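The values are calculated or read from the model by the stated rules, or taken from the named source; none is laboratory data. It should be emphasised that the depicted structure is a prediction, and the values quoted were computed from it without experimental measurement. Positions of Cβ are backbone-derived with ideal geometry, glycine not excepted, and every protein chain shown enters the neighbour counts. Only protein heavy atoms, including side chains, enter the accessible area calculation; ligands, DNA and RNA are left aside. Shrake-Rupley method; radii C 1.70, N 1.55, O 1.52, S 1.80 Å.
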Amino acid sequence: MRFGLPAGLAALALGLLVAVVPAPTVAAPPAPAPAVAAAPAQFAHPGVLNSRAQLDFVRSKVQAGQQPWKPAFDAMLASRYGSLSRTPKPRAVVECGSYSNPNNGCTEEREDAIAAYSHALAWYITGDAKYAKKSIELMDAWSATIKDHTNSNAPLQSGWAGSTWPRAAEIIKHTYAGGWANRTRFATMLREVYLPEVINGKPNSNGNWELIMMDAAVGISVHLDDRASYDKAMGIYLGRVPAYFYLASDGAQPVYPPRSGIDTRSELIGYWHDQSTFVDGLAQETCRDFGHTGMGIAATMHVAETSRIQGRDLYPQFKDRFRHALGFHAKYELGEPVPSWLCGGSLTKGIGPATEVGYNALHTRLGVTMENTRRLTEGRRPAGTENHFEAWETLTHADNPN
């Protein structure tokens with residue numbers, strides 16, 4: 001994939017009858033640096049995307065054969081990720097270029113990580129040790145082999161796989177009593193191979209990069225009980241979220257992306273893919289395509305979910321930003337006509353399975369009415385995986401009150 005900045009910086013022509021936000025005469029100052037969310041004194045485990053209480057809820061629903069959890073579980077096991085005959089394909093060096101060209105181990109790494117997570121979930125839900133052993137086999141194969149990521153997509157690839165591995169590892173390490181002899185080696189892999197690639201973010205790339213990288217950095221930090229890395233990743237995340245999803249309360253234009261060097265309105269419009277009219281819920285990559293925007297949404301919700309498990313609930317703080325972002329994209333994904341002022345009147349849809357975690361957090365737990373997001377989320381259940389880092393979120397988060 002290619003994730004560079006757009007070449008053009010010209011504003012789009014605005015359609016008639018649209019309330020246009022006038023350009024300020026001077027560039028708005030960058031937003032102040034956000035306060036860092038301190039790591040908890042003691043991390044909760046399992047605590048990456050899924051808590052023990054959430055997993056217990058899922059297990060009870062699957063074992064009772066209830067909708068939508070049992071069909072979601074069956075779909076996971078029936079997928080290639082749930083196959084007990086899967087053979088891991090680790091590489092010492094994973095080389096990933098733009099648009100995954102070259103693709104030397106990129107697909108295999110991402111998909112083995114998803115498979116390890118799938119089997120970890122299957123273990124917890126069924127109690128059958130064969131699934132735990134398969135998850136361990138996959139994690140061990142990679143921790144014994146991988147040394148580096150190279151080429152232009154190395155940070156993003158590390159984010160995709162690095163966000164998924166600790167979800168699997170948390171479940172196995174903290175719930176499986178059968179033993180995991182190489183768990184220290186796996187932790188060393190996370191610390192030495194993945195964390196250095198993601199912990200500093202990627203301020204000049206499209207925002208989904210940094211959000212995915214922080215998804216990985218936060219999850220890895222939890223698994224390693226690394227408070228310093230957790231604090232650093234959370235600080236980057238808290239600065240990136242307002243710079244990725246716009247709210248009218250931000251002012252006449254979106255927040256400048258922290259640490260990026262983008263500090264004029266014309267540069268900002270170019271960074272927002274030439275969109276110059278800003279409305280609640282618009283994302284930095286909306287006019288690029290919904291696929292990458294969906295990845296940004298999913299990563300944002302993953303971090304918020306992990307933060308909540310670790311003792312700081314970010315959903316009340318970001319409630320309006322999140323609900324507008326989900327609802328704005330849901331209505332166009334559902335087929336609402338695209339106005340001429342939005343992305344030149346044309347959107348590239350395909351948001352993927354990105355809405356389940358956020359919808360559950362805002363609607364089930366906070367009671368927010370989100371009709372478009374509800375229709376999209378429920379209409380596509382059970383959500384599967386987009387084969388990168390979003391996986392089985394109907395199973396884990398649908399109507400989950402915990």
Among (1) touching a residue at least 60 places away in the same chain (Cβ under 8 Å); (2) open to solvent by 10 Å² or more (accessible area, probe 1.4 Å); (3) under 14 Å from Gly201 (Cβ atoms); (4) of a type in the set (Gly, Ala, Ser) - the single one Ala243 does not satisfy:
(2)
Residues that are among the aliphatic types (A, V, I, L, M), open to solvent by less than 50 Å² (accessible area, probe 1.4 Å) and either in a loop (DSSP other than H, G, I, E, B) or farther than 14 Å from Ile136 by Cα (or both), drawn from region 80-116:
Ala92, Val94
Restricting attention to region 327-386, the residues that are under 16 Å from the mean Cα position of the chain (by Cα) and at positive phi number exactly 2
Between a first residue in region 86-105 that is touching a residue at least 60 places away in the same chain (Cβ under 8 Å) and farther than 15 Å from Val193 by Cα and a second residue that is assigned to a strand (DSSP E or B) and basic (Lys, Arg), which pairs have beta carbons less than 8 Å apart while being 6 or more apart in sequence or on different chains?
none
Search result, residues across region 64-74 that are hydrophobic (A, V, I, L, M, F, W, C) and without any contact (Cβ under 8 Å) to a residue 40 or more places away in the chain
Ala64
Return only the number of the condition from (1) within 28 Å of Pro155 (Cα to Cα); (2) surrounded by fewer than 22 Cβ atoms within 10 Å (Cβ to Cβ); (3) not charged (D, E, K, R) that Pro401 does not satisfy.
(1)
Please work out if Leu77 is in contact (Cβ under 8 Å) with a residue 40 or more places away in the chain and buried (at least 21 other Cβ atoms within 10 Å of the Cβ).
no
Flag for Gly352 being surrounded by 22 or more Cβ atoms within 10 Å (Cβ to Cβ), among the small types (Gly, Ala, Ser) and part of a loop (DSSP other than H, G, I, E, B):
yes
Yes or no: Gly219 more than 19 Å from Leu326 (Cα to Cα), buried (at least 24 other Cβ atoms within 10 Å of the Cβ), touching a strand residue (DSSP E or B) at 6+ places or on another chain (Cβ under 9 Å) and touching a residue at least 40 places away in the same chain (Cβ under 8 Å)?
yes
Mind telling me which of the residues Glu197, Glu267, Glu210 ends up being open to solvent by 30 Å² or more (accessible area, probe 1.4 Å), under 16 Å from Phe389 (Cβ atoms), in a helix (DSSP H, G or I) and not basic (Lys, Arg)?
Glu197
Which condition number does Ala141 fail, the rest of (1) crowded, with 21+ Cβ neighbours inside 10 Å; (2) not in a strand (DSSP E or B) being met?
(1)
Check region 272-285 and report whether any residue there is touching a helix residue (DSSP H, G or I) at 6+ places or on another chain (Cβ under 7 Å), open to solvent by less than 20 Å² (accessible area, probe 1.4 Å) and hydrophobic (A, V, I, L, M, F, W, C).
yes
Verdict on Asn182 being surrounded by fewer than 24 Cβ atoms within 10 Å (Cβ to Cβ), at pLDDT below 95 and either over 26 Å from Glu393 (Cα atoms) or in contact with a Gly (Cβ under 7 Å, 6 or more places away or on another chain) (or both)
no
